[in-house]
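Chemist: Have a look at this one.
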Amino acid sequence: MVTMKGHGHYATHLITFFIFIFFTQTIAFMPTDFKENWFGNGGTSHQAQTRQAYDQLVQKYFPGIRTSTTMENARKDLEMANIAVDEDQTTSAKHFDGESFDGGQARLVQLKLNVSDAIVANDGDKARAALGGALHTLQDFYAHTNWIEMGNINNINPNLGKAGVSITYAAFEEATCTLCGFYESFLGFFKGCHDCSHNTDVATKLTSGYYFGEDSPGKDASGNKIEIPSNKCHHGK
Ligand SMILES: [Zn+2]
C-alpha cells in the first residue's frame, strides 16, 4: 500500500476505494503461505505482506471494525492476484528484475489506472485483480533492487506508479555488482543462508538482479541481449 503515501489528493477517493474493495467480494481462494514456510528463508511472503497491509489499513480507516467474511474474501482476492504474478517468470517488468525499471514503472502506472477505471465501472473483481498485481510489483521493487542498500531503510520510493515520472537507474554498461565471494557465501551457508550482502557495494545507482529466462531490456554495444551480464547482480546473489 506504499503507493498511497504522499498522494494527498487521493485522500477523498481512498475511503470510497477501500469500502469498495473491502466489502464487495465473496469468492474464496486457496489460502497458503506454503512456499515461504517450507522453502523460504524466514522472510515475509507476498501473501503475508499483502494480508498485513490490508489489516493495517482496515485498522487505520475503520478502527475497531470486526473483519467480516466478505472482507476476508476480498483480502484473499488481493493475495491471490498478487501471488499469480509469480506464475510469469519471463516478464522482468512484473518483478522489477534485470533493471527493467521503465517497464516496471509503466506497469504500475497502468495498473493504477485499471484500479480506478474498475471502481468507476463498479467492478470489484477487476479492481482487486489490478491492485493485487500492482502490489506484487511494488513489493518486488523493494526486494529485488538495491533501494534499501542505497540508504533508504525507512523510505519508500515516492515516484513508483506516478504517471509521467521515470525511475532513474544505472546504465546497462555500468558495473553494479561484484561476484559474491566464495567464503562470504560459504560461511554464510552455515548461518542459515548465503551472505552476499556486500556485493552490491559498488553500486551508487539503482539496480536490480538479473534472472535467467527473463526479457530484461538491456543490450550490449552490438545490440545483443546478455541474459546475465557479468557486471550486474544475479537474482538473489
Ligand atoms: Zn515477483
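The values are calculated or read from the model by the stated rules, or taken from the named source; none is laboratory data. Only a predicted model underlies this, so the values are computations on that prediction, with no experimental measurement involved. Positions of Cβ are backbone-derived with ideal geometry, glycine not excepted, and every protein chain shown enters the neighbour counts. The protein model used for the area step is the full one, side chains on, heavy atoms only, and it has no ligands, DNA or RNA in it. Shrake-Rupley method; radii C 1.70, N 1.55, O 1.52, S 1.80 Å.
Chemist: Taking Gly43 and the conditions (1) at pLDDT 60 or above; (2) open to solvent by 50 Å² or more (accessible area, probe 1.4 Å); (3) not in a helix (DSSP H, G or I), which numbered condition does it fall short on, given that it satisfies the others?
Modeler: Going through (1) at pLDDT 60 or above; (2) open to solvent by 50 Å² or more (accessible area, probe 1.4 Å); (3) not in a helix (DSSP H, G or I) one by one, Gly43 breaks only (2).
Chemist: Mind telling me which of the residues Ser100, Ser116, Ser92, Ser45 ends up being farther than 25 Å from His234 by Cβ and of a type in the set (Ser, Thr, Tyr)? Let's see the steps before the verdict.
Modeler: Details: Ser100 fails: farther than 25 Å from His234 by Cβ; Ser92 fails: farther than 25 Å from His234 by Cβ; Ser45 fails: farther than 25 Å from His234 by Cβ.
Within the list Ser100, Ser116, Ser92, Ser45, the selection yields Ser116.
Chemist: Could I ask something else about it? Considering Thr145, Thr178, which residue is within 16 Å of the ligand (Cβ to nearest atom) and β-branched (Val, Ile, Thr)?
Modeler: Details: Thr178 fails: within 16 Å of the ligand (Cβ to nearest atom).
Exactly one of Thr145, Thr178 is within 16 Å of the ligand (Cβ to nearest atom) and β-branched (Val, Ile, Thr), namely Thr145.
Chemist: Then there's this: Here is a list: Leu108, Leu131, Leu135. Which entry is buried (at least 16 other Cβ atoms within 10 Å of the Cβ) and within 12 Å of the ligand (Cβ to nearest atom)? It would help to see each step written out before you state the result.
Modeler: Working: Leu108 fails: within 12 Å of the ligand (Cβ to nearest atom); Leu131 fails: within 12 Å of the ligand (Cβ to nearest atom).
Leu135 is the lone residue from the list that is buried (at least 16 other Cβ atoms within 10 Å of the Cβ) and within 12 Å of the ligand (Cβ to nearest atom).
Chemist: Residue under question is Leu138, and the condition is that it be aliphatic (A, V, I, L, M) and part of a helix (DSSP H, G or I); does it hold?
Modeler: Judged against the criteria, Leu138 is a match.
Chemist: What number of residues within the stretch 61-102 satisfy the criterion of being closer than 30 Å to Lys219 by Cα, within 16 Å of the ligand (Cβ to nearest atom) and not aliphatic (A, V, I, L, M)?
Modeler: Selection size over the stretch 61-102: 16.
Chemist: Are any of the residues in the stretch 178-194 outside any loop (DSSP other than H, G, I, E, B), modelled with pLDDT under 95 and of a type in the set (Asp, Glu)?
Modeler: Taking the stretch 178-194 first, the residues outside any loop (DSSP other than H, G, I, E, B) are 182-190.
Among the residues that remain, those that are also modelled with pLDDT under 95 are: 182-190.
Then drop every residue that is not of a type in the set (Asp, Glu), which leaves 184.
Yes, the stretch 178-194 has at least one match.
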